[in-house]
Amino acid sequence: MAENKANKQHWDDVYHRRSADALSWFQPHAERSLSIVQTLSISKQAKVIDVGGGASTFVDDLLKQGYSNISVLDLSSTALEVSKRRLGDLASQVKWIEGDILQASLPKQAFDLWHDRAVFHFLTRESDRKRYIQSVVECVKPGGYVIVATFAPDGPEFCSGLPVMRYGADELHSEFGSVFELVGHEEEQHHTPGGSVQSFVYCYCKSVSRPGIG
C-alpha cells in the first residue's frame, strides 16, 4: 500500500506541475489507437476500458465516434479531473475509475476492448507484469481485444523520471502468452510537445481462451 501511495503521489505531482498538453506523452488525438480500433471493427456498443487513460484524449474521440460504454482507469485523480473538465457534460457518459491496475477490482470477463498506451512499460518487475496480465486474462471477454503500446527498443529508457521497459513486437506479445493471439503490430514515431521523437510499438491481440477462469 505504501508503494501504491507513492506512485499515486508521483503522478498527481506530475499533473499538478505541468498542463496535460505539455507532457511528453500528450497527443491531440490518439490517431494510431483509433486506427487500430477501426481495423478491428470494434462495435459501438462494445465495453471499452482505457487503462492509464487519465488525461488522454482517446476517450474524447471514442465518444465522438459513438462509443457509449467506456471506462477510464488511472492511478492519478488529478489526471482524471483533467479529462472530466475537458469533456464537460460528456464526462457523465464515462465511468471513471481511480486506482492502480495492479490492485483494482474490475468486473470479470466484462470488456470487449482493453486499451493501454504507455502503462505496461512502467512495470519493470516481472511479478507486476504477471499481475497485470492476469487482470487482462480475467477481465477481457473471450474473443475480446487488447491493444497495448510501449516504448520500442530504440525508445527512451526513462519517462517522467522513472525507468521503463522497451519491447519489440514479438517480445511484447510473448509477455502476454498463448491465451492471446497476435492480430497485428504497428510502430509509431511520437512527436512530443517538446519537439523530441519517441519510438512506440503497438501490439493488438485477440483473447482466445480462459484457462482457470470459472
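Quick note: the coordinates plus some simple rules give every number you see, no bench work behind them. What you are looking at is a predicted structure, and each value in this text was computed from that prediction instead of being measured. Note that each Cβ is placed from the backbone with ideal geometry, even for glycine, and that neighbours are counted across all protein chains shown.
Rounded to 0.05, the FRET efficiency of the Gln65 and Val183 pair, given R0 = 25 Å and the Cβ-Cβ distance, is 0.80.
Only beta bridges with both residues in the chain are counted; by DSSP, about 55 percent of them are antiparallel. Orientation-averaged projection of the range 44-207 equals 9.4 nm² [convex hull of Cα atoms, one quarter of hull surface area].
Averaging the sequence gap over all C-alpha pairs within less than 8 Å and six or more residues apart, then dividing by the number of residues, gives the chain a relative contact order of 18 percent. Extension gain for the segment Ser196 to Glu126, taken as residue separation times 0.36 nm less the Cα-Cα distance, is 22.2 nm to one decimal. Listed by chain and number, the lysines placed with their C-alpha closer than 24 angstrom to that of Lys47 are Lys64, Lys84, Lys95, Lys108, Lys130, Lys141, Lys206; residues fewer than eight positions away on the same chain are left out. What is the Cα centroid distance between the range 137-214 and the range 28-65, reported in whole angstrom? Centre-to-centre distance over Cα atoms comes out at 15 Å. Note on the range 44-207: dipole from Cβ charges, positive end direction compared against Phe122, Ile97, Val164; the farthest Cα belongs to Ile97. With a Förster radius of 22 Å applied to the C-beta separation of Leu162 and Lys95, the computed FRET efficiency comes to 0.20.
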